[in-house]
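Peer 1: Next up is a structure, given as structure tokens.
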Protein chains: 2
Amino acid sequence: MVIDSHEHIMFPIKMQLDKMDAAVVDKTVLFCTAPHPEKAGTLKELEEEMAALNKILAGSNTKEDNISRLKKNIAEVAEAVRAYPDRFLGFGAVPLGMELEETEKWIDTQITSNSLYGIGEFTPGNERQIRQLDTVFQALMDTRIYPVWVHTFHPVTMEGIKLLMSLCEKYPDIPVIFGHLGGSNWMDVIKFAKEHDNVYLDLSAAFASIATKIALAELPERCLYSSDAPYGEPYLYRQLIEFVSPDKRTAEMALGENISRLLELY
Amino acid sequence: MVIDSHEHIMFPIKMQLDKMDAAVVDKTVLFCTAPHPEKAGTLKELEEEMAALNKILAGSNTKEDNISRLKKNIAEVAEAVRAYPDRFLGFGAVPLGMELEETEKWIDTQITSNSLYGIGEFTPGNERQIRQLDTVFQALMDTRIYPVWVHTFHPVTMEGIKLLMSLCEKYPDIPVIFGHLGGSNWMDVIKFAKEHDNVYLDLSAAFASIATKIALAELPERCLYSSDAPYGEPYLYRQLIEFVSPDKRTAEMALGENISRLLELY
């Protein structure tokens, strides 16, 4: 089974299903999103759409804004999963900056009650926000353990990645997916993952095929195929993995088996 | 004709030709290189190979080291072009930090005498080095105008890109290829290119297919297909352009016509 382990929900949902069909992808793990760049055909339209994301990445929204936006976005994912249970499963966002008890309540009511499979994408815009992730990890230990998906490409720096690595060491039972393989810091991320069993490598936003190739050669059992659609194309990212995998077995693991095992989909 | 407009020379050269054949690429524009990551199969081997590049990117080599290394590397490209004139053409490096007269002499003896078609890749590690590019642009005005290929992905920042943009405005007759489309700053780079006819967009190191798609939609006549091999795969980058181009005509321009026109290969 081929599973795209990270796509943002697109509207209309038929666009998402069409892209999955074109790439021969059986299931997709859907994530919430504020901007919808799939609607943009020109630079101007895209800029207008991305202004929302940039504001969030810069961490300049209020906590209340974030909470009401994230609830709405989670509801969109939950609805898509209910409409197409054979094609989609979902991850849900958790706001940063809430107290422990509030965070635990969010995980119960927004994640577990919606039958979601993990939490994220966290896109921490500064180191303070990466530290706030500690509360989220603690809440998972108290409620229910879910994999945590964190964006580790620009604008997250190596300093931010190191803080995330220390959380992986502090909470060895919580699986952490390093989104986009650490960006320019991919060699450090692969090296760290080799020494920490709870670290998974997301292969989207690959700017160097050689990085994907080395990740697959070094850790075939922890690489996860994803397209990050609508930013990437499911078809092209599947091709990338099939092209650079050292053998067919490695490609099969990265294209579906690893995420199935992680999310216990059997 | 399909032309990969930016690959680093690989050893053995048969590997380069094989990758071109697999991607059905007619010609490749070869660039010098210090590291040879194509030799690496594991992370450890790659780290050893890349230590050389990191030292250069950090700008910590002496001027003399750089000069003797670059002469050797240019000779490797010139030799490959002589051996396979139907498959390769070359760009040559120019050291930063030389005086104007010394730079002009280098362009005459290392670039023009070797029948090369352009200069670069410049990978300025700091803003001082981007300012040193001014001497190179001035030397081109005094000797012979060649396109200049500049790395604009990480570690080059938006500040560095802005300095490069001001050189493009100061020397409007010199074509400048923004390598890797500005990295995370791709929207700013596309916007600038729309207002400046001497700016070309290199499509390698694409971490978001959506960036490539918007570049092709906005400036089909100035997009250049390249793989940045051995960091990227010629086959996959060709697929990317064919997949996201708005129409077949745009893909043809990006895959060969634009670079043919720029380098006057007719």
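Peer 1: Can you report the number of residues in region B:193-240 which are open to solvent by less than 20 Å² (accessible area, probe 1.4 Å), more than 15 Å from B:Ala251 (Cβ to Cβ) and aromatic (Phe, Trp, Tyr)?
Peer 2: The number of residues fulfilling the criteria is 0.
Peer 1: Also, I was wondering about something else. Return the total of residues in region A:223-266 being in a helix (DSSP H, G or I), of a type in the set (D, E, K, R) and either within 15 Å of the chain's Cα centre (by Cα) or farther than 14 Å from A:Tyr200 by Cβ (or both). Even if it seems obvious, please write down each step before you answer.
Peer 2: Filtering region A:223-266 for residues in a helix (DSSP H, G or I) gives A:234-244, A:248-263.
Now narrow it down to the ones that are of a type in the set (D, E, K, R): A:238, A:242, A:248-249, A:252, A:257, A:261.
Subset that is either within 15 Å of the chain's Cα centre (by Cα) or farther than 14 Å from A:Tyr200 by Cβ (or both): A:238, A:242, A:248-249, A:252.
Qualifying residue count, region A:223-266: 5.
Peer 1: Could you please tell me which pairs satisfy a Cβ distance under 9 Å, a separation of 6+ or placement on different chains, a first residue in region A:83-95 that is over 25 Å from A:Leu140 (Cβ atoms) and touching a residue at least 40 places away in the same chain (Cβ under 8 Å), and a second residue that is open to solvent by 10 Å² or more (accessible area, probe 1.4 Å) and in a loop (DSSP other than H, G, I, E, B)?
Peer 2: A:Asp86/A:Asp26; A:Arg87/A:Asp26
Peer 1: Going by the structure shown, is B:Val156 crowded, with 22+ Cβ neighbours inside 10 Å, over 13 Å from B:Glu218 (Cα atoms) and away from chain A (no Cβ under 14 Å)?
Peer 2: On the way: crowded, with 22+ Cβ neighbours inside 10 Å: yes; over 13 Å from B:Glu218 (Cα atoms): yes; away from chain A (no Cβ under 14 Å): no.
No; evaluated as a whole, the condition is false for this residue.
Peer 1: Here is a follow-up. Look at A:Gln129 and say whether it is surrounded by fewer than 20 Cβ atoms within 10 Å (Cβ to Cβ) and at pLDDT below 95. Let's see the steps before the verdict.
Peer 2: Details: surrounded by fewer than 20 Cβ atoms within 10 Å (Cβ to Cβ): yes; at pLDDT below 95: yes.
Here the answer is yes, as A:Gln129 does meet what is asked.
Peer 1: Within region B:188-247, how many residues are at the interface with another protein chain (Cβ under 7 Å from one of its Cβ atoms) and more than 22 Å from A:Ser226 (Cβ to Cβ)?
Peer 2: Count: 5.
Here's the yes/no breakdown for (1) open to solvent by 50 Å² or more (accessible area, probe 1.4 Å); (2) hydroxyl-bearing (Ser, Thr, Tyr); (3) at negative phi:
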position: B:Thr42; (1), (2), (3): yes, yes, yes
position: B:Ala51; (1), (2), (3): yes, no, yes
position: B:Ser68; (1), (2), (3): yes, yes, yes
position: B:Val77; (1), (2), (3): no, no, yes
position: B:Arg82; (1), (2), (3): yes, no, yes
position: B:Phe88; (1), (2), (3): no, no, yes
position: B:Gln110; (1), (2), (3): no, no, yes
position: B:Ser113; (1), (2), (3): yes, yes, yes
position: B:Tyr117; (1), (2), (3): yes, yes, yes
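Peer 1: Out of all the residues in region A:14-42, which are of a type outside the set (A, V, I, L, M) and assigned to a helix (DSSP H, G or I)?
Peer 2: Kept after step one, since they are of a type outside the set (A, V, I, L, M), are these residues of region A:14-42: A:14, A:16, A:18-19, A:21, A:26-28, A:31-33, A:35-39, A:41-42.
Within region A:14-42, A:Lys14, A:Gln16, A:Asp18, A:Lys19, A:Asp21, A:Pro37, A:Glu38, A:Lys39 qualify.
Peer 1: Moving on. When you go through (1) open to solvent by less than 50 Å² (accessible area, probe 1.4 Å); (2) within 14 Å of chain B (Cβ to nearest Cβ) one by one for A:Gly256, which number turns out not to apply?
Peer 2: (2)
Peer 1: So which of A:Ala34, A:Ala51 is modelled with pLDDT under 90 and under 17 Å from the mean Cα position of the chain (by Cα)? Don't jump to the end; show me each part of the working.
Peer 2: Working: A:Ala51 fails: under 17 Å from the mean Cα position of the chain (by Cα).
Among A:Ala34, A:Ala51, only A:Ala34 is modelled with pLDDT under 90 and under 17 Å from the mean Cα position of the chain (by Cα).
The values are calculated or read from the model by the stated rules, or taken from the named source; none is laboratory data. In this text the structure is predicted, and so the values were computed from the model without any measurement. We place every Cβ from the backbone using ideal geometry, glycine too, and count neighbours over all the protein chains shown. Heads up: the accessible areas ignore ligands, DNA and RNA and are worked out on the full protein's heavy atoms, side chains in. Shrake-Rupley method; radii C 1.70, N 1.55, O 1.52, S 1.80 Å.
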